[in-house]
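See below for the structure under consideration.
The values are calculated or read from the model by the stated rules, or taken from the named source; none is laboratory data. From a predicted model like this one, the values you see are computed outputs, not experimental measurements. Reconstructed Cβ throughout: ideal geometry from the backbone, glycine too, with neighbour counts over all protein chains shown.
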Amino acid sequence: MDSSYKFAKLKKKHEAEIQSITGVEIFYSPEQMIVMQTANNTSSDVIAVGSLLGPVGTLAAGVGGIALQRKAASDVVTRTEEFSQAVHEAATQQDMHLAFANKLKSAIESTGRVVKLTEIKRPPEKKLGMRPAKGQLPSFTVSEGYSPLLLRMTVAYGAADLLNDYHPVLVAEYVLMNQKGNRVLLGNTYTSVPAKPAYASYPELLKDALGARQSAKDILISTWPDQISNSVFGVSAAVVSSH
């Protein structure tokens, strides 16, 4: 089944409940850029690697399912840590995930809804919005009167092999849930694998770490926040807030 058809079907099914929402709590996780080299270099690879890594580039315990050789996984960790350090030593700009969440907040507020932002750890589940496994705590706790909107962004520079350039691979996932946070109303995934900027080697990418980050940030927040708000709530829903 085509993903656009699934989205339209869910939207139609939950339209009345979605339009009745007056408060939205956006959950986002802190910025982390990944540097990777995999045979496919696809958005699904990037999401999987994002789940494999901890908040500072270390391998997260108990997370599997990524088809990387041990040496390749080690390289991802090492280069991601090195790249992140170079960026944070030079960067003074706002966390790009927070910038994305703030832009989405403004877009949803323009529909008449009350919106708050809450930072959480990156949701580890394979599919965003899935119920936690038995014995695991949920990755978020929603505030009373708000419907949770979970964001999971993954930003990487990837190369298919030593002969290919490093270029951005960006993924933004979201799900809107009911007020109890136990049922998904609507969700979608946006991906972008632009050809530019491109770096011929990892040392070249590392040398321009700040510029590479800014380019990725510009691509990430240029359209998707408005697109998410419009596709979920419409351009102007004129909701009367009860908050």
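Values computed for the structure shown
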read-out: Condition met for residue 51 (assigned to a helix (DSSP H, G or I), closer than 18 Å to residue 151 by Cα and at pLDDT below 55); value: yes
read-out: Some residue of the range 127-142 being in a strand (DSSP E or B), buried (at least 18 other Cβ atoms within 10 Å of the Cβ) and of a type outside the set (A, V, I, L, M); value: no
read-out: Exclusive hit being more than 15 Å from the chain's Cα centre (by Cα) and at pLDDT 90 or above, set 113, 152; value: 113
read-out: Among the candidates 158, 181, 187, residue that is in contact (Cβ under 8 Å) with a residue 24 or more places away in the chain, within 21 Å of residue 4 (Cα to Cα) and of a type outside the set (Ser, Thr, Tyr); value: 187
read-out: Within the range 185-198, considering residues that are surrounded by fewer than 19 Cβ atoms within 10 Å (Cβ to Cβ) and more than 16 Å from the chain's Cα centre (by Cα), the one nearest to residue 145 (Cα to Cα); value: 194
read-out: Condition check for residue 171: at pLDDT below 95, surrounded by fewer than 17 Cβ atoms within 10 Å (Cβ to Cβ) and in contact with a strand residue (DSSP E or B) (Cβ under 8 Å, 6 or more places away or on another chain); value: no
read-out: So residue 176, is it within 16 Å of residue 128 (Cβ to Cβ), of a type in the set (A, V, I, L, M), touching a residue at least 40 places away in the same chain (Cβ under 8 Å) and surrounded by fewer than 22 Cβ atoms within 10 Å (Cβ to Cβ); value: no
read-out: Search result, residues across the range 92-123 that are closer than 21 Å to residue 158 by Cα and assigned to a loop (DSSP other than H, G, I, E, B); value: 95, 122
read-out: Residue match in the range 66-89 (condition: part of a loop (DSSP other than H, G, I, E, B), at pLDDT below 60 and within 28 Å of residue 176 (Cα to Cα)); value: yes
read-out: Every residue from the range 1-48 that is in a strand (DSSP E or B) and at pLDDT below 90; value: 33, 34, 35, 36, 37
read-out: Residues of the range 198-243 satisfying the condition of being of a type in the set (S, T, N, Q) and at pLDDT 90 or above; value: 201, 214, 215, 222, 227, 229, 230, 231
read-out: Lone qualifier among 158, 181 - being at positive phi and under 20 Å from the mean Cα position of the chain (by Cα); value: 181
read-out: Answer residue from the range 157-168, given it is modelled with pLDDT of 85 or more and assigned to a strand (DSSP E or B) and is surrounded by the most Cβ atoms within 10 Å (Cβ to Cβ) among those; value: 157
read-out: Number of the exception - residue 210 against (1) assigned to a helix (DSSP H, G or I); (2) crowded, with 17+ Cβ neighbours inside 10 Å; value: (2)
